Structures are given as structure tokens and as C-alpha cells.
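A quick write-up on the structure given underneath.
Please treat every number below as a calculation from the coordinates, not as lab data. What you see is a predicted model; the values in this text were computed from it and never measured. For neighbour counting, all protein chains shown are included, and Cβ atoms are generated from backbone atoms with ideal geometry for every residue, glycine included.
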Amino acid sequence: MMRQFYILFALLFLTACNDGDVLTVDLQFDKELSMCTNNTESFLIYDLREDPSESLSLIIPRGSNQEYPFTLATETNVPTTFTINASSNRFIYRTYNRAVGNTELCEAIPPANLTITEDYEATSGTAHATVVIEDDDGDGVPNEFEGISGEPNEEGIYMDSLDTDGDGFPNYIDEDDDNDNVPTRFEIDNSDGDNDPTTNPLNSDTNSANPDNIPDYL
């Protein structure tokens, strides 16, 4: 399984595995990275580039039933820092004999025709990762939970997305999703710290005679 993150890596020096030479690597990779979650013991967060064919990989331990590798600090935007030690926290730069497919790095057994031509791993240093949560309307509900669907129009708006109140503004760009004159940001609860209001939504009529099971913000 792969999951998309917007992350910035910062790590300047890598040591070659074979001869100990110091290598300075250009880290101008795309900031939209992929994550392998099929290993229960570790996360593999990586980026690929085709010309030349190369990858950057950050491997960090994974706790029991842990879904995400980082604590999201959206308000303070404080990066998560990992101390690279070439054992539990690993940072690897590799080049290959051909372009690497998006799922190939996640496979337990690599394809027979894929060969690593250069393999450099950091023996020390730090890696800083910042996760950016997209929330176009600033209502505290990330875009990924607001029902975005379809293709964007000429203005870049996904008009086929969920529009709870039918006002012509999809929820992901609507500050008041249910049009009750109470902004969405006042009708959600992110106190559990996972930045997903759908896991612990405010629902004022839960204990009423006729609960509707619909969160307040909807």
C-alpha cells in the first residue's frame, strides 16, 4: 500500500557503503513522496527520479498498529526530526539500471531485472520531515476528508465534489459545510490529535430522542 505525503527531507552528507568516501547529494527531489506500509516493522518513505534513475529513501521504525509515521504538527509546523544511525533510522540514496516503477520499492522481492548500480547510506546525521495538510477552506477539515472527486474545471475547482448544503460550493472550499451560519471550524473536534474530524465528530443530538448520526458540521 502506498500513501501520498508532502514532506521535505534535509540531510546533507551520505557515506558510501563500499569505500567510505563522502558524497554530497542533490536533494532537489519532488516533495510529493510515496510511503510503503506493507512492512509491519518499518515505514519506507521514498521519492523516485527517472533521469537519472535514482531514489531517496527514509526507513523508520513502525509501532504496533501505527498507521502514520509522523505526529502532525499543522499549527506549529514543527518538523519531526529523526537521528540517522544506519540501523533503526536509515537514509539511503540509490541509482538503478533502469527506471523504477512506483510500487517496485515496496515489493518484498525486487524484480529480477532491477539492479542497484550505486548504493549510499548515511551513517549519521538528521532527517527533518514536515507533513503539510491541505485544507483549502481553512475549516479544520483536511481536503482528503471533504469528498473531493471528479476532475477540476478551468478554474481548478472540483465541482463534482461533495456539497452538503447544495450552495454550489463544494465542502472543501466551503467554510460552512451545512449552511447553518456556524462555521465548520466551530463544529468539529480534533482533540484526539489525528487531524481527522471524522474519527471523533461533534454530534450534539447523539443523546436526543431522535439522533440523526450526522456530525454537527454536516
Inter-label distance, nm, simple model (7 Å from Cα along the C-beta direction), D136/A112: 4.7 nm
Gain on full stretching of the segment that runs from N102 to D192 - 0.36 nm per residue minus C-alpha separation: 29.1 nm
Potential lengthening between D51 and H128 on full extension [0.36 nm per residue; Cα-Cα distance subtracted]: 25.2 nm
Net length gained if the chain between N85 and N153 were fully extended (0.36 nm per residue, minus Cα distance): 19.8 nm
Total formal charge among the other residues, if their Cβ is under 10 angstrom from that of I92, Lys/Arg +1 and Asp/Glu -1: 0
